[in-house]
Every structure is written in C-alpha cells, then in structure tokens.
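Please treat every number below as a calculation from the coordinates, not as lab data. If you're wondering where the values come from, they're calculated on a predicted model, not measured in any experiment. Because the Cβ atoms are built from the backbone with ideal geometry, glycine has one as well, and the counts that use them run over all protein chains shown.
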Amino acid sequence: MKKKMIDFILGHYAYWFTIIIMCIGLYGILFKRNLIKKTIGLTIFQSSIVLFYVSIASKWDATVTVLDENIPIENVSNYLNPLPHTLMLTAIVVGVAILGASYALLINIYNRYGTLDEQELLDKIS
Amino acid sequence: MRDRIDSPIVLLGCRLLSPYIMLFGFYVVIHGHYSPGGGFQGGALLGASFLLMRVAGGDEIGRLQLKEHLAKPLAILGVAIYFGTGLLSILLGGNFLDYSFLPIPGMDTEWLRYTGILIIEVGIGLAVMATFIMIYDNMARGEEEDD
Amino acid sequence: MIYAASSLPYRGDPNNLMHAEESMVGSKVIGSYAIQNTYLDARTPNFVTVILGDYRAIDTFGEQLVIYTAGMITFLLLAASKRRKNER
C-alpha cells in the first residue's frame, strides 16, 4: 500500500507542478490590469505547456535522443521519445516571435493613448 | 534608452563576448546532426550575439556589425533557401521537400537526405537571426519616436 | 485540474501507450518508428533533427513563415506609424 502511494506520487508530481505554473500564468492574464503584465502571464502559461510536453516524453533508464553506437536502437525503451521535443522546439521560437509582435502592438498603443492600464484605456476609447 | 550612461567596461565586456557567442552559434547550426542543436537554436544564438552589441553600444556601434536595412533581405534569403530546396525537388520530379531528388551527383539516397537537412537548417538559422534583429531594431526605433 | 491529472499515466513508464511500438489499431507510433529508422534513412544520429527537417519538413516551413511574418508585423506597425507622424 505504501509502496503504491510512493509510486503514484513519483509518477505524478511533475504534472502537479506544471499545473501550478499554469495557474500562476492564468492569474496574471485575468487579474492584472497592466497590459505588459498580462503579456508576461501569457509567457508563463506557454512555458508551462512546454514543460508538460517535455515531461510526458521521459522514460526511466533512457538516454537522450542522439544515437550512441553502444546502445542498440532496436529496443525502443533505450531512448527518449523524440516527437514532443521536436514539437516544442518550434513552439518556443514561435512564442518569441509572437512576443515581439505583441510588444510592437503595445508600443503603438502607448504612443497613441499614453497609457497601458486596461481601465484607463477603456475610458479613453469610449 | 533616453538617458543611457556610457560605460566603457560594459562595452569592452560585450565586445569581448560577442565573437565567441557568434562562433558558438555557427557551431550549433553546423554540428546539429551529431549533437543537440539545429537551425532554431543556432539562429537564436547568432541573433543574441548581434543584439548584445546593440544593447551595449547603442545604434552607432551596433550598426558597424550589421546594417539595419540588411536584416530584411537576410530573412527573405533564409525563407528562399528553404523554399528553393523544396521547389527544386518538385522540378526534378519528386514531392515537395523530397531530398532524394536533389541534383548532387555521386551520392546515395541517405546521404542526399543528410545534405538536404543541412541546407534547410542553414536557411532556418538565417531567418531566425534576421527576424530577431528586425524585431529589436524596430522596437528601439519605435520607442525613440514618442518624445 | 490536479484531480484530473491523477488519472494521467505515470511519468517515465516505458510501457505507456505513447512509447509503444504499435498503437491500438496496429499502425506504427511515430516516436518509436523514428528511433528505429532515422539512422537508416538519413545517416544522422540526432533523431530530433531528422524529424524536424525530413519527416515534418512542411510543418517546419510553416513555422518559419510564421516567424518571418512576425518580424514583418513589427516592421509594418512601427515604421508605418513613424511615417504617418512625419507627415503631420
């Protein structure tokens, strides 16, 4: 019984930590009033998704996804699963590009209205 | 960046560090077949080496390394290398981005695919580097405008 | 969400469904297929590079277009607003 409990916690603690990081990012998006802080919350949310994908790719007693002649490739459990790593590699760079585009929008908003606070912006627009 | 303090120590440190970051970026792009690395990571490192000089030395010293208007043609060149590789294999009778139809004589199918992956990694690295420089330059110029 | 995460498979277990060699309907799983066949296909020891540049090459081309588009967005937004301000 106790062995089973320890196995359960060892198998799931990474998921719980990524969910905590995701909740921090969601709090930043929903409750902060400055638009820059909202963008930082979006980045934290995205990094939690990246951590989740990388954590589900792991196997115990496996090595990195580069071929070593001493380790046979016929046995699949010798190497990590390379597919989530590939997907996240592109997602990180696209995230940086999206961050640049959103900051360009924010600079334009600041040049036009002189503020980045959400409530003041709504008052000035209407 | 209005009240920038000129510090020669910071500038000297960045001048010392920038070529090594650039060399490591080239290494990561070219050596991506045998170790963790590839176009995206190497392009980010190359862009970081240019941005370091721009952050430390301002516009005048940063422009000595890479001119501002050169960033857009480099990004277009990176996309064109990738797309040209795919188009070449269509013209020679294969599918889009099927590397085994590339016109390099004396190579097996496996080594042709190896070469094709290397070519498109270089294209990805160029595009990522130029895009990072483009984003930084435009943001710095847009911030100078509002006074 | 934490309760929902309790029913996910154990992390790092090599017998998970996504680490298996064949899926439930009998087709190949791409991760295991890549581990076994990339060196024979492209003579490249790094599996991630082969998946990125060969098996999913069109997807990577789309990602590169997205990056280039983001750079052009910053150029158009900031440089165009500068030009408009100069005309005034």
- In segment B:80-147, how does Rg compare with the Kirkwood Rh, expressed as the Rg/Rh ratio over alpha carbon atoms? 1.29
- How would you rank A:97-106, A:13-22, highest first, on the average number of other Cβ atoms within 10 Å across their residues? A:97-106, A:13-22
- Query: Can you list the equivalent-ellipsoid semi-axes of segment A:55-126, largest first and in whole Å, using the square root of 5 times each Cα gyration tensor eigenvalue?
  - Reply: 49, 12, 7
- Query: Helices from chain A with mean Kyte-Doolittle at least -0.5 and a Cα length along the axis of 24 Å or more, per DSSP H: which?
  - Reply: A:2-31, A:35-56, A:82-113
- What are the principal axis extents of the Cα atoms in the protein assembly as shown, in Å, biggest first? 68, 63, 44
- Query: Once amide H atoms are built 1.01 Å from N in the peptide plane, which residues 5 or more positions from A:Asp117, or in another chain, come under 5 Å H to H?
  - Reply: none
- Item | √(5λ) per eigenvalue of the Cα gyration tensor, chain C, largest first, Å | 43, 23, 10
- Message: Could you tell me how many cubic angstrom of Cα convex hull volume segment B:1-89 has per residue?
- Response: 110 Å³
- Would you kindly compute the Cα radius of gyration of chain A and its largest Cα-Cα separation (Dmax), both in Å? 21.0, 69
